[in-house]
Amino acid sequence: MLDMRIAMRWLATGLTVATVLWSIPAQAQTNNNNGGGNNINNVVGNLPAGVIVSPDGVFRIKQFADKGGQLAKLRAAEARAKLGAELAKPSLSRKISLNRLEAALAEKLARGEEPTDEMKYLAGLTRVQYVFYYPETQDIVIAGPAEGFMPDASGRMVGVHSGRAAIELQDLTAALRAFPPTGKQTHVISVSIDPTAEGLRRMQDWLVSISGKVRPGDANAIVKGLKEKLGLHNVTVDGISPRTHFAQVMVEADYRMKLIGIGIEPPPVKMATYVSRANPNDVARNAMQRWFFTPNYDCIKVSEDSLAMELVGEGVKLIGENELVNADGSRANAAAGNKASEAFCTAFTELYPQIAARNPVYAQLKNLIDLSMAAAFIQKQDYYGQSGWKGETLFDEEKYSIETYEAPKTVETACTAIWKGSRLMTPVGGGVRIEPTMALATSRLLADEQGAVKQAREEIKLDGLAQSQWWWD
């Protein structure tokens with residue numbers, strides 16, 4: 001069962017994936033090979049992937065082949081030539097003034113021109129590590145590692161050297177709009193993908209009707225039946241516009257994490273999945289396992305004068321909880337834990353940096369979390385008021401539009417069938433939840449005991465910048 005939930009809290013992100021695991025006794029034993037469902041949405045291996053949302057709002061994964069990586073090598077060479085030496089070179093700390101960036105963007109738009117790639121991909125920034133404020137110049141600055149960038153086979157912009165996803169201006173804008181200069185802050189940014197109660201009830205009734213009748217060779221029929229009974233799952237987006245790239249990244253990251261957990265998509269690094277660890281004898285018939293990506297809330301280090309902030313660590317955790325599906329299709333918390341789920345969550349959390357390095361969508365998810373935290377911090381410290389920056393271009397959809405995507409409304413059920421001994425398991429897949437303000441609570445802030453964050457800010461000099469310059473190393 002797919003239950004994707006995405007919510008954002010200040011400097012914190014929660015990703016929820018719900019997975020339902022059914023165990024149906026079989027009348028004969030077969031091997032442990034997977035049955036049907038492994039080609040759901042053409043997910044094969046770890047090829048570059050993107051998303052497609054049809055005009056009627058159905059969300060699907062699409063993958064792209066690049067045999068031998070020849071296209072990637074060609075794109076890298078083209079990117080280096082196109083970007084120029086300064087923009088293409090790797091930097092440990094590239095700085096971007098948000099005020100100056102918006103001024104440059106406003107000039108472009110006023111002339112009827114499109115933003116440059118340099119603007120769209122924030123001069124190759126691949127991570128937001130710092131947020132600084134400079135009262136003397138009224139600049140709000142973000143800083144982090146950067147490099148030249150190029151599109152991968154799916155069109156996702158990634159670093160030429162690292163392959164890590166580049167941060168996009170449209171995502172930065174979405175985060176800033178969630179925490180604007182005026183108005184209420186967005187406590188939670190959420191995307192949830194939920195089965196309907198009616199679909200769960202139909203599935204319950206159908207599973208009861210076939211109990212004891214399953215035989216080897218029925219796996220494909222079981223998968224087809226589950227998908228038909230569950231039907232499409234509803235996608236609900238809160239806190240941001242569902243028509244943004246920001247929303248689509250959250251849905252994709254959650255969905256693909258679920259595919260890994262239930263054994264449909266191979267993990268990008270060596271790790272045990274939920275299905276590989278699950279023991280049918282330990283799983284209740286009506287059990288539904290939910291997984292959440294959440295931020296590491298203890299991840300913000302702030303200088304004593306509150307003019308500098310650093311985001312510390314990888315900042316993403318996967319946690320799980322159990323639910324039971326009742327006969328009427330409603331869901332209730334289950335008391336018992338699940339060792340296979342706990343092991344999968346631990347492995348995904350510990351390996352997240354490697355996973356993000358191999359699969360750009362997880363780096364994008366981390367970037368969304370960081371951007372949300374940074375935006376929340378800027379609002380909380382009232383850098384807007386101190387600088388007099390109103391974001392008149394970035395905060396105005398009519399001037400700079402980011403709501404240009406089809407809104408995902410439904411997704412297809414992703415499921416598979418796996419024999420373990422004489423029992424057939426039919427896991428079906430599940431969200432992201434980010435609440436950045438939780439990480440900004442005084443009790444969670446990390447002290448800048450050695451003054452390193454303050455020093456990082458003071459080492460940056462803005463007096464030598466050209467009038468139109470908005471980024472520098």
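Any read-out appearing in this document is the output of simple, stated calculations on the displayed coordinates, not a laboratory observation. Keep in mind the model is a prediction, meaning the values are calculated, not measured. Virtual Cβ from ideal backbone geometry, glycine too; neighbours counted across all protein chains shown.
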Using 1/(1 + (r/R0)^6) with R0 = 30 angstrom and r between the beta carbons of Glu459 and Lys270, what's the FRET efficiency to the nearest 0.05? 0.15
Compare the peptides 182-190, 363-371 by average per-residue count of other Cβ atoms within 10 angstrom and give them in order, highest first. 363-371, 182-190
Only Lys, Arg, Asp and Glu count, each charged at its Cβ (+1, +1, -1, -1), so figure out the dipole size of region 334-383 about its Cα centre, rounded to 20 debye. 100
Distance (nanometres) between label positions extended 7 Å along Cα→Cβ at Asp473 and Asn220: 5.6
On the formula 1/(1 + (r/R0)^6), with r taken between the Cβ atoms of Glu86 and Glu314 and R0 of 25 Å, the FRET efficiency rounded to 0.05 is 0.30
One computes Rg over Rh for region 343-440 from alpha-carbon atoms, with the Kirkwood Rh, and obtains 1.12
Sorted by packing (mean other beta-carbon atoms within 10 Å per residue), highest first, where do 220-231, 253-264, 439-450 land? 253-264, 220-231, 439-450
If the only charges are +1 at each Lys and Arg Cβ and -1 at each Asp and Glu Cβ, what is the size of the charge dipole of region 69-210 around the Cα centre, to the nearest 20 debye? 280
Starting with the highest mean, order 103-111, 159-167 by the number of other Cβ atoms within 10 Å, averaged over the residues of each peptide. 159-167, 103-111
Can you work out the FRET efficiency for the pair Ala197 and Ala466, with r the C-beta to C-beta distance and R0 = 45 Å, to the nearest 0.05? 0.15
